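The values are calculated or read from the model by the stated rules, or taken from the named source; none is laboratory data. Just so it is clear, the structure is predicted and the values come from calculations on it, not from any experiment. Cβ coordinates were reconstructed from backbone atoms using ideal geometry, including for glycine residues, and neighbour counts include every protein chain displayed. Accessible surface is based on the protein model in full, side chains and every heavy atom, while ligands, DNA and RNA are left aside. Shrake-Rupley method; radii C 1.70, N 1.55, O 1.52, S 1.80 Å.
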Amino acid sequence: MILFNPHQHTREYVDARSKEIMLKTIDFFEKKGKKKLKEDDHERVWYSDFLEFVKKEKVFATLLTTSEFGAEDDRWDTWRNCEFNEILAFYGLNYWYTWQVTILGLGPIWMSPNKEIKQKTAQLLEEGAIFAFGLSEKQHGADLYSTEMTLYPQDDGTYKARGSKYYIGNGNEAALVSIFGKISGSGDYVFFVVDPKHEKYELVKNICNSQNYVAEFTLHNYPITENEILSRGRDGWDASLNTVNVGKFNLGWASIGICTHAFYEAINHAGNRRLFDHFVT
């Protein structure tokens, strides 16, 4: 079948692990049920149950760890990820969102030459972590030229990070946030990672009234060493655009899942409506 049908999911997969993930994800949402999905959405409940499922089944670890640093079945497979986009968005864009933002957060990490951070990231994914992408700012949106997040060089070769980011999904619970900024003095672009649990990371607020946590956060002289730097200069600039190109491709497949569900809802509604002695369908 071209359209996703959770009750007859007979699509072919290249390996058993891929099929297992898709079927278990479908089963998670079907058991939760539409009533509870809608209730959690209306009450803006953080999707901790879904993230516990992801952790238990190592879903993000399998789908989002590159083969170089992952287990046997782990790989970044765009075709497989598109399939997962469609399934998640079919059940609710909020659930797709935490996956999407994790992909964006991972982009600058996997593109980086920093092997230490890559190994740490692989371990965090194995433990069920989610990630975040600190690009946008309140005054500038995603205008990379105007970013105000800055690393200030210190005499000992380290840096202090100062600045704010806005509209950053998963900013409350991410294991690592990949942040785009500039280096003071040289003006070089730079990507670095921070830990939201650090005392110099201020989680200001959730700017959206939804299940998602779309954060505003501020770094107050957050200490950065070379170990936390992912890329700089042209590489930092390229990592930002390449991540957006890879990550935003997912939007189309999420839209397919949403539209499929809407189509089913419309058919079910119309099929139970009888007007002028005829069923609407």
Task: Most mobile listed residue (T260, T65, T150) in the chain, GNM with C-alpha springs under 10 Å - done: T260
Task: Heavy-atom surface of the chain, accessible at 1.4 Å and reported per residue (Å²) - done: 50 Å²
Task: Cα-centre dipole for the chain with unit charges at Cβ (Lys and Arg positive, Asp and Glu negative), debye to 20 - done: 640 debye
- [ ] Please sort by residue number the GluC sites (Glu not before Pro) in region 98-172 whose DSSP state is loop and whose Cβ has at most 12 other Cβ atoms within 10 Å.
- [x] E127
Task: Accessible surface, 1.4 Å probe, highest first, among residues M22, M111 - done: M111, M22
Task: Among G247, Q211, N268 - extreme Cα towards positive end, dipole of the chain, charges at beta-carbon - done: N268
Task: Reach of K32 by Cα under 16 Å, taken over lysines that are not fewer than 8 positions away in the same chain - done: K24
TODO: Starting from the Cα gyration tensor of region 67-217, take the square roots of the eigenvalues, sort them a ≥ b ≥ c, and report rounded, prolate or oblate (rounded when a/c is under 1.5, otherwise prolate if a/b is larger than b/c, else oblate).
DONE: oblate
Open item on the list: Over the chain, with a Gaussian network built from C-alpha contacts below 10 Å, which listed residue (F192, F131, F29) shows the highest mean-square fluctuation?
Closed with: F29
TODO: Express the carbon and sulfur contribution to the solvent-accessible surface of the chain as a percent, rounded to the nearest whole number, probe 1.4 angstrom.
DONE: 51 percent
Open item on the list: Cβ neighbours within 10 Å, averaged per peptide: list 181-187, 199-205 in order, most packed at the top.
Closed with: 181-187, 199-205
TODO: At a Cα cut-off below 13 Å, give the aspartates and glutamates reachable from K31, other chains included and same-chain residues fewer than 8 away excluded.
DONE: D49
TODO: In whole Hz, with x marking every Gly and Pro, tabulate ³J(HN,Hα) for region 219-229 from phi via Karplus 6.51 cos²θ - 1.76 cosθ + 1.60, θ = phi - 60°.
DONE: 9, 10, 6, 5, x, 10, 10, 4, 5, 9, 8
Open item on the list: What does the extension gain come out to for N206 and K248, with contour length at 0.36 nm per residue minus their alpha carbon separation?
Closed with: 12.9 nm
- [ ] Past 31 Å, Cα to Cα, is the threshold; run K34/K115; K36/K120; K36/K56; K38/K118 against it and keep the listed order.
- [x] K34/K115; K36/K120; K38/K118
Task: Expected 222 nm ellipticity per residue - DSSP helices of 4 or more, -39500 (n - 2.57), all of the chain, to 500 - done: -14500 deg cm²/dmol
Task: Folded to 0 to 90 degrees: helix 115-126 orientation relative to the chain principal axis, Cα - done: 30 degrees
- [ ] Under 20 Å from a label point 7 Å along Cα→Cβ of K32: give me every residue in region 1-16 with its amide N that close.
- [x] 4-9
Task: lysines with Cα under 23 Å of K205, excluding same-chain neighbours fewer than 8 positions away - done: K138, K160, K165, K197
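Let a ≥ b ≥ c be the square roots of the eigenvalues of the Cα gyration tensor of region 1-111; is it rounded (a/c under 1.5), or, if not, prolate (a/b larger than b/c) or oblate?
oblate
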TODO: Could you state the angle between the C-alpha long axis of helix 78-91 and the longest principal axis of the C-alpha atoms of the chain, as a value from 0 to 90 degrees rounded to the nearest 10?
DONE: 60 degrees
